[in-house]
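For reference, the structure is listed below as structure tokens.
The values are calculated or read from the model by the stated rules, or taken from the named source; none is laboratory data. Since we're looking at a predicted model, the values are computed, not measured. Cβ sites come from the backbone with ideal geometry, for glycine too, and all protein chains shown count toward neighbours.
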Amino acid sequence: MVRLVLAELLKLATLPSVWLASVLAVGIPAALASLNASTLHRALSTGDTGGLLDTSTVDAGFGSLVYGTVGIVVLGVVTISSEYARTAQSTGRTRQVSTTMVATPRRGRVIAAKLCAVVSWTAGLAVVAVPLAVLLSDRILGPYATALDHDPVRRMAGVLLSWVTTAILSLTLTAVTRNGVLSLVLLVTNSSVVSVSLLVSLVTDWARYLPDTAAISTFLVTPPISAALEPGPAAVVCAGWCAAATAITFWCWMGKDA
């Protein structure tokens, strides 16, 4: 099994889109954290805070990590969609999934290895992105910084759980639809432009149990929804979504023809 996971990690490392996803996951939060911290520092130091919606620095750095999920979505989608992409004409226009099934006929082991690989890659990105965004923000804010005063280790673990949840759900949606473009459009839009969960939260408190709203509740002190879950229950909800998505992924991979 270890060899399979390593093989899947190597496969990911050969995909340019995975490296693009990695740059997005690390770069977007760092850039936004720096920009937001600079704006906030300038406003607080001059006393000109009239143009700001919120002057709290408790989520500085951590808030920008929400947008790092754009890269994580790309990673999760590509992990599956690359299997269904056609190869070059010179190699017979076959799909990678055919080669994968010949090399490892036991589909359960293959999808388990893929899940382990995408979770491992996501964890590696989080280990780099989270401290980078938070420390950059803390450094720029200087005496106004307060994010590290609120259980930073637990909050960093929350970001990791949030990103892993996003990666698994992205992988699952792609396994269900077998359409990488559709999955990317839906999930990237939801992550960066219009969050369906936040819109639903305006109508009902049940929205707090949706995966992305529960995920951000694990690390933001002031989540953008009313009646947000506490970090502990939010983590349990995320784990539940991960378990359900994993089961669906196994069903799709093992129950459908390649």
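Report yes if residue 246 is in a loop (DSSP other than H, G, I, E, B) and either among the small types (Gly, Ala, Ser) or in contact with a Leu (Cβ under 7 Å, 6 or more places away or on another chain) (or both), otherwise no.
Numbers: in a loop (DSSP other than H, G, I, E, B): no; either among the small types (Gly, Ala, Ser) or in contact with a Leu (Cβ under 7 Å, 6 or more places away or on another chain) (or both): yes.
Answer is no for this residue.
Looking only at the stretch 184-191, decide whether some residue is at pLDDT below 90, under 30 Å from residue 10 (Cβ atoms), of a type in the set (Val, Ile, Thr) and touching a helix residue (DSSP H, G or I) at 6+ places or on another chain (Cβ under 7 Å). Spell out the reasoning first.
First, the residues of the stretch 184-191 that are at pLDDT below 90: 184-191.
Add one more test, that the residue is under 30 Å from residue 10 (Cβ atoms), and what stays is 184-188, 191.
From what's left, of a type in the set (Val, Ile, Thr): 185, 188.
The next check asks that each one be touching a helix residue (DSSP H, G or I) at 6+ places or on another chain (Cβ under 7 Å); those that pass are 188.
Yes, there is a match, as at least one residue in the stretch 184-191 is at pLDDT below 90, under 30 Å from residue 10 (Cβ atoms), of a type in the set (Val, Ile, Thr) and touching a helix residue (DSSP H, G or I) at 6+ places or on another chain (Cβ under 7 Å).
Being farther than 15 Å from residue 29 by Cα and modelled with pLDDT under 90 is true for just one of 158, 142. Which residue is that?
Values: 158 fails: modelled with pLDDT under 90.
On inspection, the qualifying residue turns out to be 142.
Conditions tested, residue by residue: (1) modelled with pLDDT under 90; (2) among the small types (Gly, Ala, Ser).
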site: 9; (1), (2): no, no
site: 19; (1), (2): no, no
site: 33; (1), (2): no, yes
site: 43; (1), (2): yes, yes
site: 58; (1), (2): yes, no
site: 69; (1), (2): no, no
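Which fully enclosed helices (runs of 4 or more DSSP H) of the stretch 122-237 have 3 or more residues being in contact (Cβ under 8 Å) with a residue 60 or more places away in the chain and within 17 Å of the chain's Cα centre (by Cα)? It would help to see each step written out before you state the result.
Details: elements: 152-177, 180-192, 196-201, 211-216.
Of the helices (runs of 4 or more DSSP H) lying wholly inside the stretch 122-237, those with at least 3 residues that are in contact (Cβ under 8 Å) with a residue 60 or more places away in the chain and within 17 Å of the chain's Cα centre (by Cα) span 152-177, 180-192.
On the given criteria, is residue 39 over 29 Å from residue 221 (Cα atoms), at pLDDT below 90 and in contact with a Leu (Cβ under 9 Å, 6 or more places away or on another chain)? Give the derivation first.
Working: over 29 Å from residue 221 (Cα atoms): no; at pLDDT below 90: yes; in contact with a Leu (Cβ under 9 Å, 6 or more places away or on another chain): yes.
Judged against the criteria, residue 39 is not a match.
Out of everything in the stretch 76-129 that is at pLDDT 60 or above and of a type in the set (D, E, K, R), what residue ends up being nearest to residue 254 (Cα to Cα)?
Restricting to residues being at pLDDT 60 or above and of a type in the set (D, E, K, R), the top hit is 107.
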